[in-house]
Amino acid sequence: MKSHKNLVVWQKSMKLVTRLYEVTRTFPKEELFGITSQMRRAAVSIPSNIAEGYGRVYGKETLRFLSNALGSASELETQLEICFRLGLASDADLYELMNLTNEILRMLAALIKTVNPSITLNIDKEQTV
């Protein structure tokens, strides 16, 4: 059995976590326990749930954790939009994070469909900021 570390979606989600931590270090200090903390937890949840789901034996359990990862990525997407609206970081940094998040959303949707082909997900393939 291959490791979850071989999954491109896990690798990209780890890159997302790293970049998000770098970008949120520049956020105002008063946001440390606000949106900064919330975004970091959502981002960390993505690769964590992928790893846990990939380590499960039964398809239903795998699907549940991949679904959690998808939910966390969607949550992060919303939080990035809030950052755009509040001007908390440079547009370039936020676009990079949003594009990576959208790519991960599409990859997770595809992975979920391989686990259960009968699932229909509403992930727009052309979704951008």
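Brief remarks on what is shown
- Lys pairs, the chain - Cα-Cα below 25 angstrom, 8 or more residues apart or on other chains: 16
- Of the solvent-accessible surface of the chain, computed with a 1.4 Å probe and all protein chains present, 53% belongs to carbon and sulfur.
- Angle between the chain longest axis and helix 91-115 axis [Cα atoms, degrees, rounded to 10]: 10
- The helix-based estimate of mean residue ellipticity at 222 nm for the chain, built from -39,500 (n - 2.57) per DSSP H run of four or more residues and divided by its residue count, is -24000 deg cm²/dmol to the nearest 500.
- For region 19-100, the set of chymotrypsin sites (Phe, Trp or Tyr not before Pro) satisfying both a DSSP loop assignment and a count of at most 13 other C-beta atoms within 10 Å is given as Y58.
- Angle between the chain longest axis and helix 37-54 axis [Cα atoms, degrees, rounded to 10]: 10
- Helix 8-24 vs. the chain, principal-axis angle (Cα, 0 to 90°, nearest 10): 20
The values are calculated or read from the model by the stated rules, or taken from the named source; none is laboratory data. Please read all numbers here as calculations on a predicted model, not as lab measurements. Neighbour counts are summed over all protein chains in view; Cβ atoms, including those assigned to glycine, are modelled from backbone coordinates with ideal geometry. Surface areas here come from the heavy atoms of the whole protein model, side chains and all, with no ligands, DNA or RNA. Shrake-Rupley method; radii C 1.70, N 1.55, O 1.52, S 1.80 Å.
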